[in-house]
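Shown next, in structure tokens, is the structure this report addresses.
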Amino acid sequence: MMSKSKKAETENKEPKSRKVSSGPLREKARSMKKLVSAVGKVLQKHSYPGLTAVNIANEAGLNRKLIYTYFGTLDNLIETYIMDKDFWKSGAKKMLSNLVANPDSLGKTMVNALLQAQFDTLLNDKAQQKIMHWGLGGKNKMLRSAADQREATGEAVLGILDKDFEQSGVDIRAFLALHIAGIYYLSLHAKSNGSNFCGIDINEAKGKERISKAIQHHVETIYKMAGVDK
């Protein structure tokens, strides 16, 4: 039979073994986070041609071999960053999950809230603006994958809206496509060259407010036209 002193000694040693095993895991998580963050910093400094393993590793202050150890390929690391920054996969993830879980809450107020949140995010997030520029430059497997995942994420919410508008004669998907694309372009246009669009400067608070009010008005109007009371 084990003595009390030996038993106590054994019990005291157990937590130490757990700490030792968790240390490398924490270090791995920290290193992965640094590498993902470094992608964004390199993207802003050098644009997408500068997204090399050397540049990213140097920015993170880590050995570039860790990119392949933790992510397999450089493309996987960059794709991880893109998905982390994507509004619909990251910024709106919680909101979308709540809407899917509670479909009755998806009405004009929430549709407007989603569009306004996207507008605010794209207008202020330089990294997302860089990614958008990159996507317009030509075909890219990583960006196509991100776009496909974005579509899959939005499909659950669009399915709810389809049911609400199916007898209304209003094509809610086309309506949202125009508004989301408009938000993308207006944000990019304003931050790329700073010029006005239709005489509106959305880099100024007053101009941004005009666009925000227009988004809200259009959402409320489309619900009224469709006779959807939500």
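Bear in mind that the values in this text are calculations on the coordinates, not laboratory data. Everything quoted here is computed from the prediction, not taken from an experiment. Neighbour counts are summed over all protein chains in view; Cβ atoms, including those assigned to glycine, are modelled from backbone coordinates with ideal geometry.
Rounded to the nearest 500 deg cm²/dmol, what is the calculated helix-only ellipticity per residue at 222 nm for the chain, with -39500 (n - 2.57) per DSSP H run of length n ≥ 4?
Details: 10 runs with 176 residues, N = 230.
Value at 222 nm, helices only, nearest 500: -26000 deg cm²/dmol.
Length gained on full extension, Glu27 to Gln149, computed as 0.36 nm times the residue gap minus the Cα-Cα distance: 41.0 nm. Inter-label distance, Ala127 to Asn140: 1.4 nm, where each label sits 7 Å from its Cα along the C-beta direction.
Holding the Cα-Cα limit at 30 Å, pick out from Lys93/Lys224; Lys139/Lys230; Lys139/Lys224; Lys85/Lys206; Lys41/Lys208; Lys126/Lys163 the pairs that are longer than that. Let's see the in-between values first.
On the way: Lys93/Lys224 28 Å; Lys139/Lys230 39 Å; Lys139/Lys224 39 Å; Lys85/Lys206 27 Å; Lys41/Lys208 27 Å; Lys126/Lys163 36 Å.
Beyond 30 Å: Lys139/Lys230; Lys139/Lys224; Lys126/Lys163.
Among the GluC sites (Glu not before Pro) in region 135-230, those located in a DSSP loop and surrounded by at most 11 other Cβ atoms within 10 Å of their own Cβ are Glu166.
What net charge do the residues around Gly169 carry, taking every other residue with its C-beta under 15 Å from that of Gly169, with Lys and Arg at +1 and Asp and Glu at -1?
Working: positive: Lys163, Arg173, Lys224; negative: Asp162, Asp164, Glu166, Asp171.
Surrounding charge for Gly169 is -1.
Would you work out if the chain is rounded, prolate or oblate? Take a ≥ b ≥ c from the square roots of the eigenvalues of the alpha-carbon gyration tensor; rounded if a/c is under 1.5, else prolate when a/b is larger than b/c, oblate otherwise. Oblate shape, in that a/c is at least 1.5 and b/c is the bigger or equal ratio.
An oblate overall shape is assigned to region 110-230, the ratio a/c of its alpha-carbon gyration tensor axes (a ≥ b ≥ c) being 1.5 or greater and a/b not exceeding b/c.
With +1 assigned to the C-beta of every Lys and Arg and -1 to the C-beta of every Asp and Glu, and no other charges, what is the dipole magnitude of the chain about the Cα centre in debye, to the nearest 20?
Details: 36 positive and 24 negative charges, 304 e Å.
That gives the chain a dipole magnitude of about 1460 debye.
Remark: relative contact order (region 86-226) = 32 percent; criterion is Cα-Cα distance under 8 angstrom and separation of 6 or more residues. Relative to the longest principal axis of the Cα atoms of the chain, the long axis of helix 4-46 lies at roughly 40 degrees.
Note down the net charge around Val36, summing +1 for each Lys or Arg and -1 for each Asp or Glu among other residues with Cβ under 12 Å from its Cβ.
Numbers: positive: Arg30, Lys33, Lys34, Lys41, Lys85; negative: Glu59, Glu79, Asp84.
My count for the surroundings of Val36 gives +2.
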